[in-house]
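Only one structure is covered here, and it is reproduced in the block below.
The values are calculated or read from the model by the stated rules, or taken from the named source; none is laboratory data. What you see is a predicted model; the values in this text were computed from it and never measured. Neighbour counts are summed over all protein chains in view; Cβ atoms, including those assigned to glycine, are modelled from backbone coordinates with ideal geometry. For the accessible areas, the whole protein counts, side chains as well, though only heavy atoms, and no ligand, DNA or RNA atoms are used. Shrake-Rupley method; radii C 1.70, N 1.55, O 1.52, S 1.80 Å.
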Amino acid sequence: MRGLIVINHSIFIIEDDQAIVEMVETYLTKEGYAVTVAGDGDEGLRKFEQAQGRFDLLLVDLMMPKIDGMEVIRRIRAYSHVPILIMSAKDSDIDKALGLGFGADDYIEKPFSMIELSARLKAIIRRATQYASVETEVAPKYNILNMGDLRIDFDNFAVFKHEEPLKLTSKEFEILRLFAGHPNRVFTKAQIYTKVWNDDYYGDENVINVHMSRLRDKIEDNPSEPRYIKTLWGIGYKWEVR
């Protein structure tokens, strides 16, 4: 049928700048996305809860009235693994680290082009979709791995420490799955980024460092002296099995 638009994925925009909202919403709608909008953090949290988190991706601004973007991400991450892309004019490494540290998947700086935004969205959604299926190279040869006080259920994307469930983001689980599926193999930061983010690596170590730090905080008793994921200074990391 001529003019038929196929809805591919649902995007939730939480942004207070109306000009940006209109520009992004118009573009994404033409691209075939179903778009929902909230004008501030408080409205964003309410709409996300009302929709029971049924979105494929969130676009979240950092500087917003009532509840800022960092707090929105923190609250959503407490119970949802939905992919989150930060969009903000704040471009310092500290802001990126904080945003990604709270569980965002990527960061795009304002002003940005619609082509760049579209590429980022497609990449994140593609990775999230792949997260739901097991890739041959990354997948371990077993469904459940018991190691020390950890139990990793690869079929159900669940991780337990001392039989207590851990709340891992999709990226953290993908990193864990990559390492656990290849015990004692060393991965450079470039290899980790290429395999987990499924994108070219341009030397942005901050993204890797933040995700590795958060993952260690969750799975290690003493993150400064990790038992599972070891650092090989100047080389990379490995999941150590003795």
(message) Against the empirical 2.2 N^0.38 Å scaling, what ratio does the C-alpha Rg of the range 23-116 come to?
(response) 1.03
(request) Could I have the simple spin-label model distance between Thr26 and Tyr79, label points 7 Å from Cα toward Cβ, reported in nm to one decimal? (result) 3.7 nm
(request) Kindly identify the range 33-86 as rounded, prolate or oblate by the Cα gyration tensor criterion: order the square roots of the eigenvalues as a ≥ b ≥ c, call it rounded if a/c is under 1.5, otherwise compare a/b with b/c, prolate if a/b is larger, else oblate. (result) rounded
(request) Give me the lysines in straight-line cross-link reach of Lys47: C-alpha distance below 16 Å, same-chain residues under 8 apart excluded. (result) Lys66
(request) Express the relative contact order of the chain as a whole percentage, based on alpha carbon pairs under 8 Å and six or more residues apart in sequence. (result) 13 percent
(message) Per residue, how large is the accessible surface of the chain? Use a 1.4 angstrom probe and give square angstrom.
(response) 50 Å²
(request) Output the pairs from Lys30/Lys96; Lys171/Lys218; Lys167/Lys218; Lys161/Lys218 with a Cα-Cα distance over 18 Å in this structure; if there are none, say none. (result) Lys30/Lys96
(message) If I stretch the segment between Ala190 and Asp17 completely, what's the gain in nm (0.36 nm per residue apart, minus their alpha carbon distance), one decimal?
(response) 58.8 nm
(request) Leaving ligands, DNA and RNA out of it, report the carbon-plus-sulfur percent of the accessible area of the range 1-86 at a 1.4 Å probe. (result) 50 percent
(request) At q = 0.09, 0.13, 0.16 Å⁻¹, what is the base-10 log of I(q)/I(0) for the chain according to the Debye formula with one equal point scatterer per Cα and no solvent? Please give it to two decimals. (result) -0.40, -0.82, -1.18
(message) Just to confirm the filter: which trypsin sites (Lys or Arg not before Pro) across the range 19-81 are DSSP coil and have at most 14 other Cβ within 10 angstrom of their Cβ?
(response) Arg54, Lys66
(request) With label points built 7 Å along Cα→Cβ from the Cα atoms of Gln52 and Phe112, find their separation and express it in nm. (result) 3.0 nm
(request) Mind checking which of Ala190, Leu28, Gly99 is farthest towards the positive end of the chain's charge dipole, using Cβ charges of +1 (Lys, Arg) and -1 (Asp, Glu) about the Cα centre? (result) Ala190
(message) How big is the dipole moment of the chain about its Cα centre under a simple scheme where the beta carbon of each Lys and Arg is +1, that of each Asp and Glu is -1, and everything else is neutral? Debye, nearest 20, please.
(response) 860 debye
(request) Among the GluC sites (Glu not before Pro) in the range 157-190, which ones are in a DSSP loop with at most 12 other Cβ atoms within 10 Å of the Cβ? Mind listing them? (result) Glu163
(message) With a cap of 13 neighbouring Cβ atoms within 10 Å, and only residues DSSP puts in a loop, list the chymotrypsin sites (Phe, Trp or Tyr not before Pro) found in the range 150-230.
(response) Tyr202
